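Participant: Have a look at this one.
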Amino acid sequence: MAVSLRARSLRHLRIRGRNDSGEENVPLDLSREPYDNLREILQNVAKLQGVSNMRKLGHLNNFTKLLCNTGHTEEKLGFTYDDIIIW
């Protein structure tokens, strides 16, 4: 009985768009320009209110995915490394 209750609660979390770690799945559209994706990521990570820590973690994971997909050059990202750090 306890197994079925736990499975049901985990299924509920997945429906809400969360990983087992609690991090929210934030969609990343790699067909968009890297600049636009990075701008959205930085805006959401830098917000002081209105974005949960788990959603920020999802955005930070998207930052990693974006870097893996586009490379680490400033020219491809559209931001300098200083811009990213200071944002």
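Participant: Using θ = phi - 60° and the Karplus form 6.51 cos²θ - 1.76 cosθ + 1.60, what ³J(HN,Hα) does each residue of region 25-34 get, whole Hz, x for Gly and Pro?
Facilitator: 7, 10, x, 10, 9, 6, 7, 6, 5, x
Participant: Give the carbon-plus-sulfur fraction of the accessible surface of region 47-87 in %, rounded to a whole number; probe 1.4 Å, heavy atoms of protein chains only.
Facilitator: That fraction is 58 percent.
Participant: Stokes-Einstein at 20 °C, 1.002 mPa s, Kirkwood radius from Cα pairs: D for region 18-87 in µm² s⁻¹?
Facilitator: The calculation lands on 172 µm²/s.
Participant: Among the lysines, which fall within straight-line cross-link reach of LYS47, defined as a Cα-Cα distance under 19 Å, with same-chain neighbours fewer than 8 residues apart omitted?
Facilitator: LYS56
Participant: Here is a further query. Please turn the phi angles of region 62-69 into ³J(HN,Hα) values with the Karplus equation 6.51 cos²θ - 1.76 cosθ + 1.60 (θ = phi - 60°), one per residue in order, whole Hz, x for glycine and proline.
Facilitator: In residue order, the calculated couplings are 5, 4, 5, 4, 5, 4, 5, 7 Hz.
Participant: Same structure again: Which order do the peptides 42-52, 57-67 come out in when sorted by mean C-beta neighbours inside 10 angstrom, highest first?
Facilitator: Those peptides, ordered most packed to least, come out 57-67, 42-52.
Participant: Straight-line reach from LYS65: which aspartates and glutamates have a Cα under 16 Å away, not including same-chain ones fewer than 8 places off?
Facilitator: LYS65 reaches GLU23, GLU24, ASP29, GLU33, ASP36, GLU40, GLU74.
Participant: Give me the number: length gained by fully extending THR73 to MET54, i.e. 0.36 nm times residue separation minus the C-alpha to C-alpha distance, one decimal in nm.
Facilitator: Numbers: separation 19, 0.36 × 19 = 6.84 nm, distance 2.75 nm.
Value of the extension gain: 4.1 nm.
Participant: If you don't mind, another one. Each residue of region 49-60 in turn: what ³J(HN,Hα) in whole Hz from Karplus with 6.51, -1.76, 1.60 and θ = phi - 60°, glycine and Pro shown as x?
Facilitator: Here the 3J(HN,Hα) series is 9, x, 10, 5, 4, 5, 6, 4, 4, x, 5, 5 Hz.
The values are calculated or read from the model by the stated rules, or taken from the named source; none is laboratory data. Everything quoted here is computed from the prediction, not taken from an experiment. Glycine gets a Cβ as well: all are built from the backbone with ideal geometry, and neighbour counts include every protein chain shown. Keep in mind that these areas ignore ligands, DNA and RNA; they rest on the heavy atoms of the full protein, side chains included. Shrake-Rupley method; radii C 1.70, N 1.55, O 1.52, S 1.80 Å.
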